[in-house]
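The values are calculated or read from the model by the stated rules, or taken from the named source; none is laboratory data. The structure displayed is predicted, hence computed values, not measured ones. Here the Cβ positions follow ideal geometry from the backbone for every residue, glycine too, while neighbour counts run over all protein chains shown.
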Amino acid sequence: MAGTMTSRRRGRPAADPARAAGPVLGARVEKLFHEYATRVYNLVRRMLGNEADAEDVTQEVFAQVVRKLPTFRGEAALATWLYRIAVNAALALRRKRATRTRHEVPDVLEDFLSDGRHGVPVRRWAATPDEIALNHEAHEVIEAAIRRLPEVYRDVYVLADVEELPNPEIAAALGLTVGAVKSRLHRARLLMRNALAPYFEEEAA
Amino acid sequence: MTCREVIELLGDLAANDVAPERRRQAEEHLAGCPACLAYRESYQRTIELARRLQPAAVPPALLQQLRGLLDADPKAGDTP
């Protein structure tokens, strides 16, 4: 596979001679590499909930990519193929761990009364201007909420709402029906919504 | 339609995946229910927030290791 990479190296002299000493990928490939490394790392980081595991799994994913790329025939888009390897690697680590931490999952449907009305007050969220980037604290709150999602919901949520993969792709990656993906995604969003509400709600009058 | 039914439908509503009559019923409920309106707004905001999450930077040492994996092919040969 690296043979392919080598043949893509343009013969241009490196802009920074010092860089020529280390692995040189070529500007376009470097950009792609950096983008995919970032996506894979963050996907597995959020699925697994910690950085140490994310580093191990990311390395494993790229080792597999190097091994398997000669047999990649473009049946799927490269990104789809990469995501599939990354998801499988993350799931494999979980299975290996085999520690089933039983999460207390609040059933969001408990928030409703028997006649179907809301059982808890629903407050509006404060307006956050769309163009302003999320600040560090907001990021922390959201990432923490994702970590607390039960794995069955977290996986779908990260792939759907964070990575924005289409439902059929998520279904194939996780071995679920599209219906199951939709159902879990909705549950995940309800849990996330409830977890984020205290932070994003308007101040009580 | 009850509040609970409307909330259950929010995912399908967001994906435009609802039969016209059910959508009409849901919108009718929403028009008269401030709680559900607020809930839907926060549900949509939750979806939007996820999209705005920035990725964490890959640790530099890991990036280097990954680069090494890509470059470590015995067939790499000499640079032309």
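Within segment A:58-81, the residues that satisfy the criterion of being of a type outside the set (Asp, Glu) and closer than 14 Å to A:ALA172 by Cβ are A:ALA76, A:ALA77, A:ALA79, A:THR80, A:TRP81. When the test is whether a residue is within 24 Å of A:SER114 (Cβ to Cβ), buried (at least 17 other Cβ atoms within 10 Å of the Cβ) and under 23 Å from the mean Cα position of the chain (by Cα), B:LEU37 does not pass it.
Contact map, segment B:33-52: residues that are at the interface with chain A (Cβ under 8 Å from one of its Cβ atoms) paired with residues that are of a type in the set (Asp, Glu) and part of a helix (DSSP H, G or I), Cβ distance under 6 Å, separation 6+ or inter-chain. Pairs shown: B:ILE47/A:ASP161; B:ALA50/A:ASP161.
For segment A:166-183, residues that are closer than 20 Å to A:ARG45 by Cα and crowded, with 22+ Cβ neighbours inside 10 Å total 1. Selection within segment B:6-16: residues that are free of Cβ contacts under 8 Å to residues at least 12 places away in the same chain and facing chain A (nearest Cβ under 8 Å). The member of this set that is farthest from the chain's Cα centre (by Cα) is B:GLU8.
Only one of the listed residues (B:PRO59, B:PRO80, B:PRO20) is within 7 Å of another protein chain (Cβ to nearest Cβ), at pLDDT 95 or above and either surrounded by fewer than 19 Cβ atoms within 10 Å (Cβ to Cβ) or in contact with a helix residue (DSSP H, G or I) (Cβ under 6 Å, 6 or more places away or on another chain) (or both). That residue is B:PRO59.
Just one of the numbered conditions (1) in contact (Cβ under 8 Å) with a residue 24 or more places away in the chain; (2) part of a helix (DSSP H, G or I); (3) not aromatic (Phe, Trp, Tyr) is not true of A:HIS186: (1).
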